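**Q** If you scroll down you'll find the structure; I have some questions about it.
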Amino acid sequence: VQTPVQDQLAKQSMVFQNAFVTNALSVPSRSTFLTGLYSHTHGNVDNQVKPLPQNVPLISDLLRQAGYEVAMFGRANVDVEDRYWDYYFGFKGWIKYYHPLMRECVAGKWSDPKIYNGYVDDMVTDKALQWLEQKHEKPFCAFIWFNTPHAPFYRPRRLLDLYNGVKIPKPATFDDDL
């Protein structure tokens, strides 16, 4: 796999060689990340989205209270539209990889959902980069959560032939039984 940007980032960053999540499903994992609570406490124990507890601040709420600008881009997968965002461009749940229905929020003001033309993660990346390149008077936090690790695993047209003819070896543990 060719990942020159990630390789460069890894050289300049801390890399965790052995990390775990308490729940490997999207909705419970993102709910836990946002709330700091275990799945059985926030109520999202499977991929059927339930509202997050209103009395529990999200990490974005706490960061904003600490003086940060907070933005979210991409697949929220939980209902965050009842919270304040300095900027939001994304969606919850399943979405089309091409021509997705997305929603935008600027300074807590939500737009109506709109169909965007293009590949979903390219649009998420472009919007995130545009926001990051703006002048920020305060420290900021950007949550950038992509759609691509989800079936049906479509990729942008420009990458369709990237690995054609490349033999990808079967991992030694592929046939291991748990």
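**Q** Looking only at segment 1-20, filter to residues that are open to solvent by less than 100 Å² (accessible area, probe 1.4 Å), part of a loop (DSSP other than H, G, I, E, B) and of a type outside the set (Gly, Ala, Ser); which one of those is nearest to Arg75 (Cα to Cα)? Give the steps one after another, and end with the answer.
**A** Going residue by residue through segment 1-20, those that are open to solvent by less than 100 Å² (accessible area, probe 1.4 Å) are 3-4, 7-8, 10, 13, 15, 19.
Filter once more, so that each one left must be part of a loop (DSSP other than H, G, I, E, B): 3, 13, 15, 19.
Next, only the ones that are of a type outside the set (Gly, Ala, Ser) stay: 3, 15.
Details: Thr3: 22, Val15: 24 Å.
Step by step, filter segment 1-20, then rank; the result is Thr3.
**Q** Quickly run through segment 75-96 and pick out the residues that are touching a helix residue (DSSP H, G or I) at 6+ places or on another chain (Cβ under 6 Å) and modelled with pLDDT of 90 or more.
**A** Tyr87, Phe89
**Q** Name the residue that is farthest from Tyr68 (Cα to Cα), counting only residues in segment 123-170 that are of a type in the set (Gly, Ala, Ser) and open to solvent by less than 70 Å² (accessible area, probe 1.4 Å). So that I can check it myself, show each step before the final result.
**A** Residues of segment 123-170 that are of a type in the set (Gly, Ala, Ser), as a first pass: 128, 142, 151, 165.
Next, from what is left, pick out any that are open to solvent by less than 70 Å² (accessible area, probe 1.4 Å): 128, 142, 151.
Values: Ala128: 16, Ala142: 10, Ala151: 34 Å.
Checking each candidate, the answer is Ala151.
The values are calculated or read from the model by the stated rules, or taken from the named source; none is laboratory data. Keep in mind it's a predicted model, so treat the numbers as computed, not measured. Don't worry about glycine lacking a Cβ; one is built from the backbone with ideal geometry, like all the others, and counts go over all protein chains shown. To get the accessible areas, we keep the full protein, side chains included, count just its heavy atoms, and leave off ligands, DNA and RNA. Shrake-Rupley method; radii C 1.70, N 1.55, O 1.52, S 1.80 Å.
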